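**Q** Starting off with a structure, shown below.
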Amino acid sequence: MTKYLLFFFALILLVSLSSQTADPKTQNPTRTPSPAHTELTRYGFPIGLLPSPVKNYTVNPLTGDFVVDLGDACKITLPPDNYLATYSKKVTGKINHGRIAEINGISVRAFYQWWSITGIRSSGENLVFEVGMVTARYPSKNFNDSPACEGRRHSAS
């Protein structure tokens, strides 16, 4: 049952992110990707895995450890049931070509519970999202555009 609920939620996340990027009200055609978004492409990922704007980022090229500073927490409301995805002020993890692991700072609220995205793998034309032991696969092309933060919330992190 939990696996089914997580798959359903991940599907809603994918649809909402792709619909946000198609909405001209949330898109800024003159916005250029930040260096952090460009760095994602160097590791084989689309820029839409990070919201905009990104204040700063660091990546250790030897270990893959990274820190993305968004300046403040970011939220994205996921229609149609108003699920909420949040990015902490700082998102951390470990990136290697085709794999982002040990992610800390991205959560999604579904079914009255917060779910942490713990990893993302690139698998051909798809991305595989990991929520603990559960995975969901989605086309990479749905993440070609970086979603804008709908709002900011204050965060202690």
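**Q** List, please: which pairs have Cβ atoms under 7 Å, are six or more places apart or on different chains, and start with a residue in the range 94-114 that is surrounded by 12 or more Cβ atoms within 10 Å (Cβ to Cβ) and end with one that is assigned to a strand (DSSP E or B) and basic (Lys, Arg)?
**A** GLY98/ARG121; ARG99/ARG121; ALA101/LYS94; GLU102/LYS94; GLY105/LYS90
**Q** Here's something else I'd like to know. Which pairs do you get when a residue that is over 15 Å from TYR43 (Cβ atoms), found in the range 117-143, comes within reach of a residue that is surrounded by fewer than 17 Cβ atoms within 10 Å (Cβ to Cβ) and of a type in the set (D, E, K, R), reach meaning Cβ atoms under 7 angstrom, with the pair 6+ apart or on two chains?
**A** ASN126/ARG137; VAL134/LYS3; PRO139/GLU125
**Q** In the range 97-118, how many residues are part of a strand (DSSP E or B) and modelled with pLDDT of 95 or more?
**A** Residues that pass the stated criteria total 7.
**Q** Let me ask something additional. Just name the residue that is farthest from the chain's Cα centre (by Cα) out of those in the range 31-77 that are over 19 Å from ASN144 (Cα atoms) and exposed (fewer than 13 other Cβ atoms within 10 Å of the Cβ).
**A** Once the filter is applied, the top-ranked residue is LEU62.
The values are calculated or read from the model by the stated rules, or taken from the named source; none is laboratory data. Owing to the predicted nature of the structure, the values given are computational and were not obtained by experimental measurement. Quick reminder, even Gly has a Cβ in these numbers, built from the backbone with ideal geometry, and neighbours come from all protein chains shown.
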